[in-house]
Amino acid sequence: MTGEDAAFWQRALDAVGSAERELPFNPNASASRAYYAAFYAVSAWFAAKGFFFTSHDGAEIALHRDLVKPGILPKTFAENFRTLRKARQVGDYGILDNISPDEATAFLHTAREVLEAIHRLNPGLFSRPGWMTTQS
């Protein structure tokens, strides 16, 4: 790993841990951290290829263009990423809307699936998350 991809991957793992810790106390914060876990994981994959983003839109566009459209990852991956991004918007900025504990639990599960998928794209580069029960 280079410095950037390793740092992004570690941030992804740390964000999952934060989402887990926040879940029982603050579902909004948990949902936000779940999105950031996915965002950092995707950013790690692209950083390993020498690509970096200046916006969340840029990451989502590249995800579609370079991973989903060519069939490397399924369309559901992009849909899950978008769902997490929308949840982050509610969690961070929703004044009248809130993330329920059940929704936050589902978002955490989705974020873990994103990290697992990125790990499987290059298991030699990205360390296996501890919650994964099987090797890729």
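Since every read-out is calculated from the coordinates, none of them should be taken as a lab result. Treat the numbers as computed from the prediction; the structure is a model and nothing was measured. Glycine also receives a Cβ, built like all others from the backbone with ideal geometry; neighbour counts cover every protein chain displayed.
Some points to look at:
- Annotation: Ala29 fulfils all but one of (1) closer than 17 Å to Glu116 by Cβ; (2) surrounded by 18 or more Cβ atoms within 10 Å (Cβ to Cβ); (3) more than 12 Å from the chain's Cα centre (by Cα); (4) not acidic (Asp, Glu); the unmet one is (1).
- Single condition Asp97 does not satisfy, out of (1) surrounded by 12 or more Cβ atoms within 10 Å (Cβ to Cβ); (2) free of Cβ contacts under 8 Å to residues at least 40 places away in the same chain: (1)
- Residues of the stretch 32-76 that turn out to be under 12 Å from the mean Cα position of the chain (by Cα) and either at positive phi or among the hydrophobic types (A, V, I, L, M, F, W, C) (or both), as a count: 10
- The single condition from (1) under 16 Å from Ala19 (Cβ atoms); (2) in contact (Cβ under 8 Å) with a residue 12 or more places away in the chain; (3) charged (D, E, K, R) that Arg82 fails is (1).
- The stretch 37-87, subset of a type in the set (Lys, Arg) and in a loop (DSSP other than H, G, I, E, B), residue nearest to Asn122 (Cα to Cα): Lys49
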